[in-house]
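Working notes for the structure below.
The values are calculated or read from the model by the stated rules, or taken from the named source; none is laboratory data. Values in this document were obtained by computation on a predicted structure and should not be read as measured data. Note: ideal-geometry Cβ built from the backbone for every residue, glycine included; neighbour counts use all protein chains shown. With ligands, DNA and RNA removed, areas are computed over all heavy atoms of the protein, side chains included. Shrake-Rupley method; radii C 1.70, N 1.55, O 1.52, S 1.80 Å.
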Amino acid sequence: MKMTFRWYGEKDSIPLNYIKQIPNMSGVVTAVYDEPVGEVWGEDKIARLYELCRAQDLEMEVIESVPVHEDIKLGKPSRDRLIANYAQTIRNLGKYGVKCICYNFMPVFDWLRTNLKTVAKDGSNSLSYKHDELMALDPKNLHLPGWDESYTTDELNSLLDEYKGISHEQLFENLVYFLNGIMPACNETGINMAIHPDDPPWDMFGLPRIITSEKSYDKLFAAVPNPHNGITFCTGSLGAGRFNKLPEMAEKYADRIYFAHIRQLKLIDELDFTEAGHLTSNGDLDIYGVVKALVIAGFDGYVRPDHGRNIWGEDGKPGYGLYDRALGAAYLNGLFEAIEKETK
């Protein structure tokens, strides 16, 4: 296992030398953030990130993420050019020691929350989700907490209209087409693709979501058996689906889990949830059970503490402050060390 930490590049409020001080931190998970989606990432920009990380003795082996253009998800004629660009980005990243790319195939929106600063009894605050509150919003005039509103209202409406003709099966077929198009580049570079599950794992605003459960993974691996086709095992995204049995899934897919996002949820009613501190006792997800299953199954991929709270007066990027994620890393380090020693 290699412990890592999400870093949003030179504009991140958390400097690399702070991240380096977290015990057992091998490297950062980062990306090139100023290239338009669908364009090839320039080697100069990749090299800049790489050198900044190496100057702090941190690895840059995981990229999160190289976004997938909507035209690829929609299966438009332009997808072949965009997939070729994506493959070239993979080759460019391979030159700088990248081993894993986390990405998602969620139409239009990625993670969705209704409140970024829900206050807990202890005074900390975190992300939360209330389904009825989200569904009450007008998707034609949408403003969501934390969502990157990179589309104008007209562009968003047009995109939502295009997806009206896309079924779950069609979206899945477009994912398979994309993966088959980039697998040669993965074979050349040795880079593993790690698809992130849909967050939350159910349809949103009529948009299909296809990476949600054990059944999704079985279907994905059957369609694209190449071992470079793997997953990011996100306990929070999968755990929001009460139907997912996380420890069992961690054990079953350990050899295809190349990246693990580990975080905790406090589940409310059938669909609502609030994010919590990483400890198993802080929520409803069996974090200990997940780590134990990974260790026993021989997992040797990358881990990062996911979505932390804002604590101790920090007013950081929601989900991505320093203090609580550092505490989460320390907790996960302890779990991995103890379980590894117990199971030898």
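The modelled label-to-label distance between Lys252 and Lys45, using points 7 Å beyond Cα along the C-beta direction, is 3.8 nm.
The sum of -39500 (n - 2.57) across all DSSP H runs of n ≥ 4, divided by the residue count of the chain, sets its helix-only mean residue ellipticity at 222 nm to -11500 deg cm²/dmol.
In this structure the amide hydrogen of Ala260, modeled in the peptide plane, comes within under 5 Å of the amide hydrogens of Phe233, Tyr302, Val303, Arg304, none closer than 5 places in sequence on its chain. Accessible area per residue (1.4 Å probe, heavy atoms of protein chains only) ranks Glu342, Glu43, Glu248 as Glu342, Glu248, Glu43, with the largest value leading. What does the charge count around Gly27 come to, taking other residues whose C-beta lies under 14 Å from its C-beta (Lys +1, Arg +1, Asp -1, Glu -1)? That works out to +1. For the pair the range 1-50 / the range 188-216, the C-alpha centres are spaced 23 Å from each other.
Among Glu133, Glu59, Glu275, the largest mean-square fluctuation in a Gaussian network model of the chain, built with springs joining Cα atoms closer than 10 Å, belongs to Glu133. Near Arg6, once Lys and Arg are set to +1 and Asp and Glu to -1 for all other residues with Cβ below 11 Å from its Cβ, the sum equals 0. Extension gain, Asn180-Lys11: 0.36 nm per intervening residue step, less the Cα-Cα distance, totals 57.4 nm. Using a cutoff of 8 angstrom between alpha carbon atoms and counting only pairs six or more residues apart, the relative contact order for the chain works out to 17 percent.
Stretched out straight at 0.36 nm per residue, the stretch from Lys341 to Gln88 would grow longer than its current Cα-Cα span by 86.9 nm. With θ taken as phi - 60° and the Karplus curve 6.51 cos²θ - 1.76 cosθ + 1.60 applied, the whole-hertz 3J(HN,Hα) list for the range 168-181 is 4, 5, 5, 5, 5, 4, 5, 5, 4, 4, 4, 4, 4, x Hz, x standing for glycine and proline. Annotation: lysines with alpha-carbon distance below 24 angstrom to Lys130 (same-chain offsets under eight excluded): Lys117, Lys121, Lys140, Lys245, Lys266, Lys317.
Under 20 Å between alpha carbons, and skipping anything fewer than 8 positions from Lys252 in its own chain: which aspartates and glutamates qualify? Reachable aspartates and glutamates: Asp198, Glu214, Asp218, Asp286, Asp300, Glu340.
Comparing His228, His143, His69 in a Gaussian network model of the chain (Cα springs below 10 Å), the most mobile by mean-square fluctuation is His143. Stretching the chain fully between Glu155 and Asp300 yields a gain of 48.0 nm (0.36 nm per residue, less the alpha carbon separation).
Note on the chain: with a GNM built from Cα contacts shorter than 10 Å, the maximum mean-square fluctuation among Gln264, Gln88, Gln21 falls on Gln21. Close amide-amide hydrogen proximity is noted between Gly321 and Gly308, each under 5 Å apart and 5 or more residues distant or on a separate chain (H modeled in the peptide plane; Pro and chain starts excluded).
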